[in-house]
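Remarks on the structure that follows.
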Amino acid sequence: MVFVDGKPGHEEDYARWFLGGHLADMRQLPGVTQAFSGHLTSLDGAASPAGLCALYDTPDGGSLLKTIAASKGTAALPESDLQGAMVWRVLETVGAVSTEGVGDAQPEGPVLICMCSDEIDGSLLPVLLDEHSDVKAARHMRISPIQPSRGREYSDFLLLDLEPGSDPADITSKLMSHVGSDATRCLLVST
């Protein structure tokens, strides 16, 4: 997972590059099974950590990081001189549930990210699908041991693939009643 901004004054140009050519390049890297990116907004009233977010799925985070490092700045993975601040997190899936035939599909709607300082009960995932018909798939993730410490960390993450046109604020409100609002952030990635 990557949170990133363009340099001040160049945010729109950087967003076009990041959401277009860069996403296509990332999808071509060996080990990337899915890639999704979009604009990032906060749903919890706190400032958004960045303007853009990307989610890259891979069976081996360590190998992907090495591939990115070796490819960065080459024809396979060109860089932009318009990139501003970036924060990345390597996550590992703890559990996942989905509606029939959706779990391995590319998200069509927005993705809701719930970041928690406390450990999330894994039994919450089926409840989310049962209670929210707008949730197509849910993944429970944790910071990977290969992730270097970067200050205050959120240990657990919920990633919810939502139906296009769903009401993320309503789902966030109900989700917060399950996980609590203390030390929890809810963000939305939308194309």
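The values are calculated or read from the model by the stated rules, or taken from the named source; none is laboratory data. Computed from a predicted model, the values in this text were never measured in an experiment. Glycine gets a Cβ as well: all are built from the backbone with ideal geometry, and neighbour counts include every protein chain shown.
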### Query
In the range 1-16, which residue that is in contact (Cβ under 8 Å) with a residue 40 or more places away in the chain and of a type in the set (A, V, I, L, M, F, W, C) is surrounded by the most Cβ atoms within 10 Å (Cβ to Cβ)?
4
### Task
From the list 190, 133, pick out the single residue that is among the hydroxyl-bearing types (Ser, Thr, Tyr) and either in contact with a Cys (Cβ under 7 Å, 6 or more places away or on another chain) or more than 24 Å from residue 51 (Cα to Cα) (or both).
133
### Query
Within the range 109-130, how many residues are within 22 Å of residue 164 (Cα to Cα) and surrounded by fewer than 13 Cβ atoms within 10 Å (Cβ to Cβ)?
2
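Only one residue in 64, 43, 52, 77 is in contact with a Gly (Cβ under 6 Å, 6 or more places away or on another chain) and surrounded by 11 or more Cβ atoms within 10 Å (Cβ to Cβ), so which one is that?
64
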#### Entry: Test result for residue 90, surrounded by 13 or more Cβ atoms within 10 Å (Cβ to Cβ), modelled with pLDDT of 80 or more, within 19 Å of residue 184 (Cα to Cα) and of a type in the set (Val, Ile, Thr)
yes
### Query
If you check every pair at least six apart or on different chains, which have Cβ atoms under 7 Å apart with a residue in the range 17-46 that is free of Cβ contacts under 8 Å to residues at least 40 places away in the same chain first and a residue that is of a type in the set (S, T, N, Q) and surrounded by fewer than 17 Cβ atoms within 10 Å (Cβ to Cβ) second?
31/63
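Working carefully through the options 97, 127, 87, find the one that is touching a Leu at 6+ places or on another chain (Cβ under 8 Å), within 29 Å of residue 183 (Cα to Cα) and not in a loop (DSSP other than H, G, I, E, B).
Working: 127 fails: touching a Leu at 6+ places or on another chain (Cβ under 8 Å); 87 fails: touching a Leu at 6+ places or on another chain (Cβ under 8 Å).
Of 97, 127, 87, the one residue that is touching a Leu at 6+ places or on another chain (Cβ under 8 Å), within 29 Å of residue 183 (Cα to Cα) and not in a loop (DSSP other than H, G, I, E, B) is 97.
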### Task
Name every residue in the range 64-102 that is β-branched (Val, Ile, Thr) and without any contact (Cβ under 8 Å) to a residue 24 or more places away in the chain, in order of residue number.
74
